[in-house]
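Below is one structure, written out as C-alpha cells; the observations come after it.
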Amino acid sequence: MSDANSAVDRAALWLDSLRRRYPLLLAELVPGTGRTLREVRGGGPAASALAPVRLYVSDALRDIGDGVIELEEAVRDRLGLRRISAAPVPVRLRRLGELLDSVAELPDLAAHVEEEARRMAHRCARALGDPEQLVRLPGRCPACDCVSLRAFPERGIAMCVNPPCRHVLDEETP
C-alpha cells in the first residue's frame, strides 16, 4: 500500500471521528438551563446567573468550522472540481470523505488532508474533555537516558516526556 493510500485511510478515520463528534461539541456549547453560578439572598437563583458559554468550546467550533471549509475548498480546487454550495460542517465532512479516492492520487494532498483532519479531530476531542491517549514504552531515552519514553498513538509519534529533553524517536530507534 502506498503512503498516499495509507494517508487517505487515516484521513478517512479522522474525518469520520470528527463527523460523529462534532454534534457533541455543538451540544457542549449550550449552557445548562438549570445551573446557576450564584444565588441571591434568600436562596433563589439570580436572574442573570446562568452558566456562561464556554469560550474554549466556541473557539474550537469556529476553528473546526473554518478548517473544514478551507480544507474542502482546497481539495476541490486541487482536484479541479467546481465550487459547491455552502453546507453545515457534518455535510462538508461527508463530502470530503467522498473525495478521498481522488485525493489518493496526489500524495502531497493526501498528507495534507490527513494532517488537517487529525488536527481538527484532536481539537474537537480536547474541547470535549477527552485526554490524549498515552502509552508507556519500555527502555530508556537514547538522548537523556531517562525512563520517560511514551507513545502518542493519536499523533503517531513516540518521544521522551522528560521536559528538558523531549527527544522524538524515529522508526529506527529501538
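The values are calculated or read from the model by the stated rules, or taken from the named source; none is laboratory data. Source: prediction; values computed, not measured. Backbone-built Cβ (ideal geometry, glycine too); neighbour counts: all protein chains shown. Note: areas computed on protein heavy atoms with side chains; ligands, DNA, RNA excluded. Shrake-Rupley method; radii C 1.70, N 1.55, O 1.52, S 1.80 Å.
On the stretch given as the stretch 120-134, residues that are touching a residue at least 40 places away in the same chain (Cβ under 8 Å) and crowded, with 16+ Cβ neighbours inside 10 Å total 6.
Residues of the stretch 140-155 that are in contact with a His (Cβ under 8 Å, 6 or more places away or on another chain) and over 23 Å from R126 (Cα atoms): C141, P142, A143, C144. Residues that are in contact (Cβ under 8 Å) with a residue 12 or more places away in the chain and not in a loop (DSSP other than H, G, I, E, B) were ranked within the stretch 153-174; the one that is surrounded by the fewest Cβ atoms within 10 Å (Cβ to Cβ) is I157. Considering only residues of the stretch 135-152 that are open to solvent by 40 Å² or more (accessible area, probe 1.4 Å) and either farther than 19 Å from P164 by Cβ or basic (K, R) (or both), which is modelled with the lowest pLDDT? Among those that are open to solvent by 40 Å² or more (accessible area, probe 1.4 Å) and either farther than 19 Å from P164 by Cβ or basic (K, R) (or both), it is V135. Within this structure, P90 fails the test of being open to solvent by 80 Å² or more (accessible area, probe 1.4 Å), touching a residue at least 24 places away in the same chain (Cβ under 8 Å) and not hydrophobic (A, V, I, L, M, F, W, C).
For D9, the test of being of a type in the set (D, E), modelled with pLDDT of 50 or more and touching a Gly at 6+ places or on another chain (Cβ under 9 Å) is failed.
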